[in-house]
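Asks: Pasting in a structure now, in structure tokens, and then I'll have a few things to ask.
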Protein chains: 4
Amino acid sequence: MSMNTFGHLFRFTTWGESHGPALGATVDGCPPGIELNEEMLQIWLDKRKPGTSKYTTQRREADQVEILSGVFEGKTTGTPIQLMIRNTDQRSKDYGDISEKFRPGHADITYFQKYGIRDYRGGGRSSARETAARVAAGGIARAALAQLIPSLEIKGYMTQIGPNGIIGERDMSEIDNNPFWVPSAVTAKNWADYLDDIRKSGSSVGAVVEVVAKGAPAGLGAPIYAKIDTDLASAMMSINAVKGVEIGEGMNAAMLTGKENADEIRMGPDGPEYMSNHAGGILGGISTGQDLVVRFAVKPTSSILTSRKTVTKSGKDTDLITKGRHDPCVGIRAVPVGEAMMACVILDHFLLHRGQNGAEPLGVFGK
Amino acid sequence: MSMNTFGHLFRFTTWGESHGPALGATVDGCPPGIELNEEMLQIWLDKRKPGTSKYTTQRREADQVEILSGVFEGKTTGTPIQLMIRNTDQRSKDYGDISEKFRPGHADITYFQKYGIRDYRGGGRSSARETAARVAAGGIARAALAQLIPSLEIKGYMTQIGPNGIIGERDMSEIDNNPFWVPSAVTAKNWADYLDDIRKSGSSVGAVVEVVAKGAPAGLGAPIYAKIDTDLASAMMSINAVKGVEIGEGMNAAMLTGKENADEIRMGPDGPEYMSNHAGGILGGISTGQDLVVRFAVKPTSSILTSRKTVTKSGKDTDLITKGRHDPCVGIRAVPVGEAMMACVILDHFLLHRGQNGAEPLGVFGK
Amino acid sequence: MSMNTFGHLFRFTTWGESHGPALGATVDGCPPGIELNEEMLQIWLDKRKPGTSKYTTQRREADQVEILSGVFEGKTTGTPIQLMIRNTDQRSKDYGDISEKFRPGHADITYFQKYGIRDYRGGGRSSARETAARVAAGGIARAALAQLIPSLEIKGYMTQIGPNGIIGERDMSEIDNNPFWVPSAVTAKNWADYLDDIRKSGSSVGAVVEVVAKGAPAGLGAPIYAKIDTDLASAMMSINAVKGVEIGEGMNAAMLTGKENADEIRMGPDGPEYMSNHAGGILGGISTGQDLVVRFAVKPTSSILTSRKTVTKSGKDTDLITKGRHDPCVGIRAVPVGEAMMACVILDHFLLHRGQNGAEPLGVFGK
Amino acid sequence: MSMNTFGHLFRFTTWGESHGPALGATVDGCPPGIELNEEMLQIWLDKRKPGTSKYTTQRREADQVEILSGVFEGKTTGTPIQLMIRNTDQRSKDYGDISEKFRPGHADITYFQKYGIRDYRGGGRSSARETAARVAAGGIARAALAQLIPSLEIKGYMTQIGPNGIIGERDMSEIDNNPFWVPSAVTAKNWADYLDDIRKSGSSVGAVVEVVAKGAPAGLGAPIYAKIDTDLASAMMSINAVKGVEIGEGMNAAMLTGKENADEIRMGPDGPEYMSNHAGGILGGISTGQDLVVRFAVKPTSSILTSRKTVTKSGKDTDLITKGRHDPCVGIRAVPVGEAMMACVILDHFLLHRGQNGAEPLGVFGK
């Protein structure tokens, strides 16, 4: 069972609601002896936290993470690590209206139908605030990976906002220079104008996020039902508002012929080298050693200032304008979440592989 | 751990290689008292089995399923159901060449790297023959669903082959009348010509498959990490050659504004009615009661008659033409596999919901 | 994987160390709509908490539990419930000596060997303080069971301390009247004298605890590897210091003949009635509807005032007297822990049964 | 969920009924590259198989195991290994009477109550024939352990039958020389006479089995809920007819003082050496490197020739004499089953430890 738990050997269980006292993650299976402190996690939480630009919700949350267990004298002990983030800026009165009315496009109605009861304040458990806990857990995964796979680099960025893609060549060095984490300065400017209009009109828009991991070894992934692409699909689809997940060529793979799609191989000094990467670094659910490439689409925020038709708990028709503080493009803050999930999946599969197969590579060419 | 196991309460573990003596599925958690016999499963296996048209591999497999346990006097007993399918047409000599050379685009190289050893005959464990076991397990899920959710109907079909989509209106009654399970007679003819050319040229092409479930109740799905869309993404991405998964609008959701995307609601005689279905029947990971809509892209078969660059186990460069019997569009036979996975996910979540929340609906409008 | 997680559908993950800032349990899978508040949990924690009599450790912990999530307006919402207990009386200086020396009979040495690092303060993760989290989780299970199986009553008590058993007839009404929860006033007096001597001599002693659940329905338990007795064995053996677990006749079953052991059956007004209960209410891993009877032996506390031979982290021989505040009979405080685990197992199996088989009884006599 | 599955990383799922066409185990997570063939498994199955002496059931089953997957050219490939054992001597007519009457002490009645349907032939799924599948799976674990922990030796034997213990000193070299696997020639003779009387009188008797693993490394076991003793308790309690499980001193630990019970330590040339083993080789759920000692009590076979009171499916009182072919002491054949479970637990924890902590020992004395 894994209702609120993600992962096999490196596992985290998230808990907490948008307007409860706190939320967090219980992280189990972290290797012992990993250097870890709250500052190392805070870096990633600050990247995701609300209110950092005018393009994200104006809710003011410090998103300060506390480590309550599993770390001793600055190192992990191999026991569960409890991460807690206090909710501080809850303004629950903003949400009074939606205790009775279901916001279209939100989980309000399905949580009610499933459970018969729901914490309606800010979406309760279904709020994207849950992703803060993932980012914190991902920070632990990154700390462990820094020791276990030093070559690994994980980077997420947006590749599309509404109908707008990246203009011109990608420049990865630009990613941290703009609020969209888009690898292109000119695109960032263009998108800023576009999203300003969206924001001012009280509307919202979708986005596509791409996350790439460089330097992961070959051999990660446990076929058939814990393939690394299967787990990445599961990881990304579980993020709020995600409606599609792609590996490598993704949906575009349908358009290609076998000749175009299969990545040819030549022997390099350190092993096989691929002449292209349509596969996104995964064959048969196992990493090839190339870049792991995953992409996901985030739907537009459903909370908008336009009146929409909906129903009430009492079973009456009504109309609703969702006030409150919302992201005009929730895809932006999904970038660090996607990175965190990538880190967790890679660490988990590293441990899983080491468990079944041992630390040493098993298939060696020329032996 | 779920390396070769899928599901939470209704779980199946598949086993077997393409050219071993047999393959199958161990199905655990099926409710007792469900009518079940081999003929009921064979219907679905016959739909997936190779050699039924010139558009699928010419390997001749009867794909005859045997039930070895868990059924007594025609009914399930609640104990594990073992399904076995003997491999009969293995022609292993066809594959001699690839014991040393890795086929580009195949899992040959990653299985070697991960495990240091692999059954190279026909791809061994990584062969799409594994999906026969899923189809058989899905047959059990369908039998249980027929008793538990009589309103449910699951239907899969292709919506794209290479660059070709469906021409004109969809006509669902046409699905079973053509080898592509495409809901359009004119499209079927057009695709037949297109794929004939591909096949004759020794090439292959990708496809998109859509699976829809009508009549599933609201309330299925266990947030946050066993959302029904998360499990569907995992289910479909685990199918051989799948590179992308979409729910409802899928990747296209990135293009939409909040106003366009959120499905408005009005009260109907039997509960809420949605005025559109951009969400694909899922909000917050829980079913809304609308059609569940999932789509996935299948990459082109990598085994083609064109020479491709690759390497050998000895670490030498070489070129390879993959002879043998292959599907020019492996997406075709993915249709019944997608249906089977949909059935398994829905049954699993039905049981999971019943376990945590009970059989009765919990949230009732107007109460 | 279930390294720090217990249960199938009703699952809890405990976290925290003896001398860290806090410890707790993340409880997932609780049915929604259950009345729950902190006072309902505190009752059980107070029963387990240290310092309530001279027979338990003099460490002063309020063991005040906070509910951080999963409860809204006094009812569970079906989402994860985070329970946190702050550590308040840590006096870490008491433990300075054991950072280097391993206490014989303790987990100090094995945690060091396994993880290479350990929080030595008070045993860290291996401390019996972890059981406070179980008792809190068990309180949630009891609250749910009160609604789902109103007939259920769970009661734990000691049946042996050192070589001393219960004197004379059992009187269940006496259980809450003495610090040993022993169902006999005369025995309580006798044990008090015995344990006083043990305590004053700086020694410790073992005990046997029995937990009985009355009123559980027939049909709970999921053979073969989640039998209810299997899960009870796992539940009890996971408690600190437990070395043996028995169901019904337990180890004594080896002494009996088939004629003596098999419980005969007669039809009663409400179903089958058993003429004895050697089986402890379980046949084939499934509950019969009789009393569920489990017993476990708790070894004597290893922290004693007698000098014992041991080794240091540096690999030197040494001798050690364990000072600090310890329980002369840790079995006493294991009583509420055993009750809590019984409650969790029964709720879990109730939900599991309802998931696979539905809420209604399936096998009805005379139909 | 683990209804019919045992283990974390090395996992097996058993399937099959006593009188169905076959039974077996689906083994997942075995490391690749392990030498394995059917003869290696058959050795252990032959030890458990019925009809080898007059003290076991006269049912004639060849218990011939077939490997259907996961092994290629004599080595494991890391993919699931399917083991199938055909049932050959089913004589179902012997069991006609019990389709309506429930045998006291058997799972007949609880399976009926839980599932509403049961395969009554020979106990169906609840038959001890299921343990053949465990023995086969254990054979795989032993093969892997022979490569991974060459020092490991696992040995099971009986220590008690009815009221009779071992007479005099244990002589381990005698274990394989008598039908009871008892380490004492004189005891074997004594027990033979005793059991002959039991058998001739149509009765049955219980037993205690002890299983010891020598040479397991320190550090195995994943606290808190996958402690190695927790998993051993679960493993043994899941075996048919087992009513009690003990580690080291077991239930007797309740009798001891802290001074008597804690095993003192001195530094030896290869690490710490313990001066006694009351703990059974486990502290805090983690192996110490000493002998792992587990014991379990098996109740007497409930199928006896004495008339017993019971009820029918129709809800009527009746009496029943269970004819058919039965073991007078089912504990005898539990010996190889206990060994198999020990092997599976050790391998599983070896892999689990290697996954989380790596292959190298982490805590090294004097560093």
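Asks: Out of the residues in segment A:134-163 that are touching a Ser or Thr at 6+ places or on another chain (Cβ under 8 Å) and not aliphatic (A, V, I, L, M), state the one that is surrounded by the most Cβ atoms within 10 Å (Cβ to Cβ).
Replies: Among those residues, the one meeting the criterion is A:Arg134.
Asks: Condition first: in a helix (DSSP H, G or I) and among the acidic types (Asp, Glu). Now tell me which residues in segment C:247-265 satisfy that.
Replies: C:Glu260
Asks: Here's something else I'd like to know. Give the residues of segment C:25-40 that are touching a Leu at 6+ places or on another chain (Cβ under 7 Å) and either of a type in the set (Asp, Glu) or more than 7 Å from every other protein chain (Cβ to nearest Cβ) (or both), sorted by residue number.
Replies: Of everything in segment C:25-40, those that are touching a Leu at 6+ places or on another chain (Cβ under 7 Å) and either of a type in the set (Asp, Glu) or more than 7 Å from every other protein chain (Cβ to nearest Cβ) (or both) turn out to be C:Ala25, C:Val27.
Asks: Now a separate question. Please state which of the following conditions C:Lys313 fails to meet, knowing it meets all the rest: (1) at negative phi; (2) facing chain D (nearest Cβ under 7 Å); (3) free of Cβ contacts under 8 Å to residues at least 24 places away in the same chain; (4) surrounded by fewer than 24 Cβ atoms within 10 Å (Cβ to Cβ).
Replies: Among (1) at negative phi; (2) facing chain D (nearest Cβ under 7 Å); (3) free of Cβ contacts under 8 Å to residues at least 24 places away in the same chain; (4) surrounded by fewer than 24 Cβ atoms within 10 Å (Cβ to Cβ), C:Lys313 violates only (3).
Asks: Next up: Inside segment A:220-265, can you point out the residues that are β-branched (Val, Ile, Thr) and within 7 Å of chain B (Cβ to nearest Cβ)?
Replies: Passing the criteria: A:Ile224, A:Thr230, A:Val245, A:Ile247, A:Thr257, A:Ile265.
Asks: Also, I was wondering about something else. When you look at B:Gly363, is it touching a helix residue (DSSP H, G or I) at 6+ places or on another chain (Cβ under 8 Å), part of a helix (DSSP H, G or I) and among the small types (Gly, Ala, Ser), yes or no?
Replies: No, not satisfied.
Asks: Going through segment D:1-20 one residue at a time, which ones are within 7 Å of chain B (Cβ to nearest Cβ) and within 17 Å of B:Leu23 (Cα to Cα)?
Replies: D:Thr13, D:Trp15, D:Gly16
Asks: Does D:Glu210 satisfy being touching a Lys or Arg at 6+ places or on another chain (Cβ under 9 Å) and not hydroxyl-bearing (Ser, Thr, Tyr)?
Replies: yes
Asks: In this structure, is D:Ser303 out of contact with any Pro (no Cβ under 7 Å at 6 or more places or on another chain), at the interface with chain C (Cβ under 9 Å from one of its Cβ atoms) and among the polar types (S, T, N, Q)?
Replies: So D:Ser303 fits the description; yes.
Asks: So, of the residues in segment C:49-74 that are surrounded by fewer than 19 Cβ atoms within 10 Å (Cβ to Cβ) and within 14 Å of chain A (Cβ to nearest Cβ), which turns out to be farthest from C:Ile198 (Cα to Cα)?
Replies: C:Glu73
Asks: With the condition kept exactly as written, say whether any residue in segment D:184-192 is more than 9 Å from every other protein chain (Cβ to nearest Cβ), crowded, with 22+ Cβ neighbours inside 10 Å and either touching a helix residue (DSSP H, G or I) at 6+ places or on another chain (Cβ under 8 Å) or not polar (S, T, N, Q) (or both).
Replies: Within segment D:184-192, one or more residues are more than 9 Å from every other protein chain (Cβ to nearest Cβ), crowded, with 22+ Cβ neighbours inside 10 Å and either touching a helix residue (DSSP H, G or I) at 6+ places or on another chain (Cβ under 8 Å) or not polar (S, T, N, Q) (or both).
Asks: Can you tell me which of C:Glu73, C:Glu153 is within 29 Å of C:Val212 (Cα to Cα) and among the acidic types (Asp, Glu)?
Replies: C:Glu153
Asks: Still on this structure, I have one more. Take A:Gly244 and decide whether it is modelled with pLDDT of 95 or more, in contact with an Asp or Glu (Cβ under 7 Å, 6 or more places away or on another chain) and either closer than 30 Å to B:Leu320 by Cα or not in a loop (DSSP other than H, G, I, E, B) (or both).
Replies: yes
Asks: On to the next question. More than 18 Å from A:Gly156 (Cβ to Cβ) and more than 10 Å from chain B (Cβ to nearest Cβ): does that describe A:Lys323?
Replies: It is true that A:Lys323 is more than 18 Å from A:Gly156 (Cβ to Cβ) and more than 10 Å from chain B (Cβ to nearest Cβ).
Asks: Here's something else I'd like to know. Go through (1) modelled with pLDDT of 95 or more; (2) of a type in the set (A, V, I, L, M); (3) more than 25 Å from the chain's Cα centre (by Cα) for A:Leu305 and report which single condition fails.
Replies: (1)
Asks: Restricting to segment A:216-241, name every residue that is part of a loop (DSSP other than H, G, I, E, B) and under 13 Å from the mean Cα position of the chain (by Cα).
Replies: Matches in segment A:216-241: A:Ser238, A:Ile239, A:Asn240, A:Ala241.
Asks: Answer yes or no: is there a residue in segment C:266-277 that is surrounded by fewer than 24 Cβ atoms within 10 Å (Cβ to Cβ), among the hydroxyl-bearing types (Ser, Thr, Tyr), over 30 Å from C:Gly105 (Cα atoms) and at the interface with chain D (Cβ under 8 Å from one of its Cβ atoms).
Replies: Checking segment C:266-277: not a single residue is surrounded by fewer than 24 Cβ atoms within 10 Å (Cβ to Cβ), among the hydroxyl-bearing types (Ser, Thr, Tyr), over 30 Å from C:Gly105 (Cα atoms) and at the interface with chain D (Cβ under 8 Å from one of its Cβ atoms).
Asks: For C:Gly331, state whether it is buried (at least 24 other Cβ atoms within 10 Å of the Cβ) and either within 24 Å of C:Val212 (Cβ to Cβ) or modelled with pLDDT under 95 (or both).
Replies: Criteria met by C:Gly331.
Yes or no, residue by residue, for (1) touching a residue at least 40 places away in the same chain (Cβ under 8 Å); (2) within 15 Å of A:Ala107 (Cβ to Cβ):
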site: B:Lys214; (1), (2): yes, no
site: B:Ile228; (1), (2): yes, yes
site: B:Ala235; (1), (2): yes, no
site: B:Ser238; (1), (2): yes, no
site: B:Leu256; (1), (2): no, no
site: B:Lys259; (1), (2): no, no
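Asks: Can you confirm whether segment B:197-215 contains a residue that is assigned to a helix (DSSP H, G or I), touching a strand residue (DSSP E or B) at 6+ places or on another chain (Cβ under 6 Å) and at the interface with chain A (Cβ under 8 Å from one of its Cβ atoms)?
Replies: Checked against the condition, which is being assigned to a helix (DSSP H, G or I), touching a strand residue (DSSP E or B) at 6+ places or on another chain (Cβ under 6 Å) and at the interface with chain A (Cβ under 8 Å from one of its Cβ atoms), segment B:197-215 yields at least one hit.
Asks: Here are some conditions: (1) out of contact with any His (no Cβ under 7 Å at 6 or more places or on another chain); (2) within 28 Å of A:Gly250 (Cα to Cα); (3) touching a residue at least 40 places away in the same chain (Cβ under 8 Å); (4) within 14 Å of chain A (Cβ to nearest Cβ). B:Glu100 meets all but one. Which one does it not meet?
Replies: (2)
Asks: Starting from segment B:107-133, take each residue that is within 19 Å of B:Lys49 (Cα to Cα) and among the basic types (Lys, Arg) and list its partners that are at pLDDT 95 or above and in a helix (DSSP H, G or I), counting only C-beta distances under 8 angstrom and pairs at least six apart or across chains.
Replies: Final answer for the pair search is B:Arg125/B:Tyr111.
Asks: Tell me, which residue of segment C:335-366 that is over 18 Å from C:Lys214 (Cα atoms) and more than 13 Å from chain B (Cβ to nearest Cβ) is surrounded by the most Cβ atoms within 10 Å (Cβ to Cβ)?
Replies: That would be C:Phe365.
Asks: When segment B:166-196 is examined, which residues are found to be assigned to a loop (DSSP other than H, G, I, E, B) and among the hydroxyl-bearing types (Ser, Thr, Tyr)?
Replies: If the condition is that a residue be assigned to a loop (DSSP other than H, G, I, E, B) and among the hydroxyl-bearing types (Ser, Thr, Tyr), then B:Ser184 is the only one that fits.
The values are calculated or read from the model by the stated rules, or taken from the named source; none is laboratory data. Keep in mind it's a predicted model, so treat the numbers as computed, not measured. Cβ: placed from backbone, ideal geometry, glycine included. Neighbour counts: every protein chain shown.
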